[in-house]
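**Q** First the structure, then my questions, so here it is.
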Amino acid sequence: MKKIFVLTGEPSGDKLASTLIARLKLENPEIEYLSVGGTHLKTLGIKSIYDLKEITYLGFTSVLLNIFKIKSKINKTVEEIIKFNPDILLSVDSPDFTLRVAEKVKKINSNIKTIHYVAPQVWIWRKNRVKKIKKFIDHILLLFEFEKKYFDEENIKNTFVGHPLIEKNQNSKSVIYNIFPKNKKIISIFPGSRNSEINVLLPIILDFIKLMNKKHNEYFFYIHATEENKSLILEYVKKYNFDNLDIVTEENIKSEILSKSIFAVSKSGTVSLQICNYNVPSIIIYKLSFINFMIFKMLVNVKFANIINIINDREVIPELLQNECNVNEIYRSVIYFLKNPELMKKQVSECSKTLEGIRSKTSSASEASSILIKYLS
């Protein structure tokens, strides 16, 4: 029996991996799996060697503070992979964790094929990383076609598979119309999947909702969460006693709610592609500690945080970062859009054109699974 070890480092990677593995199970149901994964892989019956929460860190300082714990987890993960002896080590995103593991595994057992899903963002920073990856990664699966040139230059095998968040056929047919609040317009909130993001962004977002409620009564807010971070979000939310806010974790329901939203406030990240795919106008928010932000500024090669803006080399979606990521600025930006429907329509149109240029021909899961099957055979 062929074996695959699926290595993720955070909930978004777990979700992405589960989409690919679900497809692969249809193609070849005889494969045996083990993982470092979360709830999405668990629903596919794939065991994780430990809880994903144990390795989800964000920011340079938090990594430094937990460096010995992270090293220990890397070594433990490598040990378990070698023991499992898979045909393929499929690492997904979270390069600071997953690629370190892959490098160690390859040194110990070069027969294990290493395939990485979601290329490190070398076009943003650390371009020299490409040369290092070449030594231990057999194949990279790319979400964006413009990434190819960086890996082609170093003769690293790569395939553009597209991004699952921007595939056309996203049909969530949940019959949940009865849960929608009557006579309310829906605003979707995406505070992030990492605890460290939530701890920084959610208090600001909740104060923004409080300000909205003081001046307007026609909106209902849904916080899009994961099962892993739901309890943390509840701890913050229960302090406010809002009657126009709910937390959702079930994927089909989240998709349905997003499709009915008139606007979204989202942390910077690939979730913004999903928002654009549902033709929902939005703003992007993000905040790092001062030290992390200064390190980030020294290392980055791009002017924007959001992928849509990076591709267009201009601010299609407003970004409120660092000092601008505050209650009053978020409120002003959201209200400005809500009062200017033409502005919202223009953003949706520009985002739609951008997505058309970066979609794969079939589906990301289908394209990626075909690569894995070739390596298995």
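**Q** Once both labels are modelled 7 Å past Cα along the beta-carbon direction, what's the Asn340-Asn213 spacing in nm?
**A** Output for this residue pair reads 2.9 nm.
**Q** With a 1.4 Å probe and all protein chains kept in place, how do Ser289, Ser360 rank by accessible area, largest first? The partial results should precede the final answer.
**A** Details: Ser289 55, Ser360 20 Å².
Ranking Ser289, Ser360 by accessible area, largest first, yields Ser289, Ser360.
**Q** How high is the FRET efficiency between Lys303 and Ser110 when r is their beta carbon distance and R₀ equals 35 Å, given to the nearest 0.05?
**A** Given R0 = 35 Å and the Cβ-Cβ separation, E is 0.30.
**Q** How high is the relative contact order of the chain, in percent, counting Cα pairs under 8 Å that sit 6 or more residues apart? Before the final figure, lay out each step's value.
**A** Working: 604 pairs, mean separation 62.6, N = 377.
It comes to 17 percent, rounded to a whole number.
**Q** While we're looking at this one, here's another question. Test of understanding: what is the full-extension gain from Val348 to Glu250, defined as 0.36 nm times their sequence separation minus their Cα-Cα distance?
**A** 32.7 nm
**Q** If you take every residue apart from Ser94 with its C-beta less than 11 Å away from the C-beta of Ser94, what net charge results, scoring Lys and Arg +1 and Asp and Glu -1?
**A** Around Ser94, the surrounding residues sum to -2.
**Q** Given the -39500 (n - 2.57) contribution per DSSP H run of 4+ residues, what per-residue ellipticity at 222 nm results for the chain, rounded to the nearest 500 deg cm²/dmol?
**A** Numbers: 16 runs with 172 residues, N = 377.
Computed ellipticity for the chain at 222 nm equals -13500 deg cm²/dmol.
**Q** Given +1 on the Cβ of Lys and Arg, -1 on the Cβ of Asp and Glu, and no further charges, what dipole in debye does region 306-345 carry about its Cα centre, rounded to the nearest 20? Spell out each step's value before the answer.
**A** Values: 4 positive and 6 negative charges, 39 e Å.
Dipole about the Cα centre, nearest 20: 180 debye.
**Q** Residue separation times 0.36 nm, minus the C-alpha to C-alpha distance between Ile262 and Asn183: what's the value?
**A** 27.1 nm
**Q** Determine the distance separating the Cα centre of region 312-339 from the Cα centre of region 225-289; give it in Å without decimals.
**A** 16
**Q** So, taking all protein chains as they sit and a 1.4 Å probe, how much accessible area belongs to Tyr375, in Å² rounded to tens?
**A** About 60 Å², ignoring ligands and nucleic acids.
**Q** Rank these residues by their accessible area, most exposed first, probe 1.4 Å: Phe180, Phe151.
**A** Phe180, Phe151
**Q** To continue, here is another question. With springs only between Cα atoms under 10 Å, which of Asp93, Asp138, Asp14 fluctuates most in a Gaussian network model of the chain?
**A** Ranking Asp93, Asp138, Asp14 by mean-square fluctuation puts Asp138 first.
**Q** Each residue of region 142-158 in turn: what ³J(HN,Hα) in whole Hz from Karplus with 6.51, -1.76, 1.60 and θ = phi - 60°, glycine and Pro shown as x?
**A** In residue order, the calculated couplings are 9, 7, 10, 5, 5, 6, 3, 4, 5, 8, 4, 4, 9, 6, 8, 4, 8 Hz.
**Q** Averaged per residue, what accessible area in Å² does region 196-317 show with a 1.4 Å probe, protein chains only?
**A** Roughly 43 Å² per residue, with all protein chains present.
**Q** Could you tell me which of rounded, prolate or oblate describes region 211-369, using a ≥ b ≥ c as the square roots of the eigenvalues of the alpha-carbon gyration tensor, with rounded for a/c under 1.5 and, failing that, prolate when a/b is larger than b/c and oblate otherwise?
**A** Rounded, since a/c falls under 1.5.
**Q** Could you report the accessible area of Lys73 in Å², rounded to 10, computed with a 1.4 Å probe on the protein chains as they sit in the structure?
**A** The accessible area comes out at roughly 40 Å².
**Q** Could I have the simple spin-label model distance between Lys2 and Arg314, label points 7 Å from Cα toward Cβ, reported in nm to one decimal?
**A** About 4.7 nm, to one decimal.
**Q** Further, regarding this structure: Just to confirm a number: summing +1 for Lys and Arg and -1 for Asp and Glu over residues other than Glu319 whose beta-carbon lies under 12 angstrom from that of Glu319, what do you get? Before the final figure, lay out each step's value.
**A** On the way: positive: Lys267, Lys287, Lys303, Arg314; negative: Glu315, Glu324, Glu329.
Neighbour charge sum, excluding Glu319 itself: +1.
**Q** Between Asn28 and Ser231, what is 0.36 nm times their sequence separation minus the Cα-Cα distance? Round to one decimal in nm.
**A** 69.5 nm
**Q** Tally up the carbon and sulfur contribution to the accessible surface of the chain as a whole percent, 1.4 Å probe, everything protein left in place. Could you put the intermediate results ahead of the total?
**A** On the way: 9100 of 17950 Å².
Carbon-and-sulfur percentage of accessible area, whole number: 51.
The values are calculated or read from the model by the stated rules, or taken from the named source; none is laboratory data. Keep in mind it's a predicted model, so treat the numbers as computed, not measured. Note: ideal-geometry Cβ built from the backbone for every residue, glycine included; neighbour counts use all protein chains shown. For accessibility, only protein heavy atoms count, side chains too; no ligands or nucleic acids. Shrake-Rupley method; radii C 1.70, N 1.55, O 1.52, S 1.80 Å.
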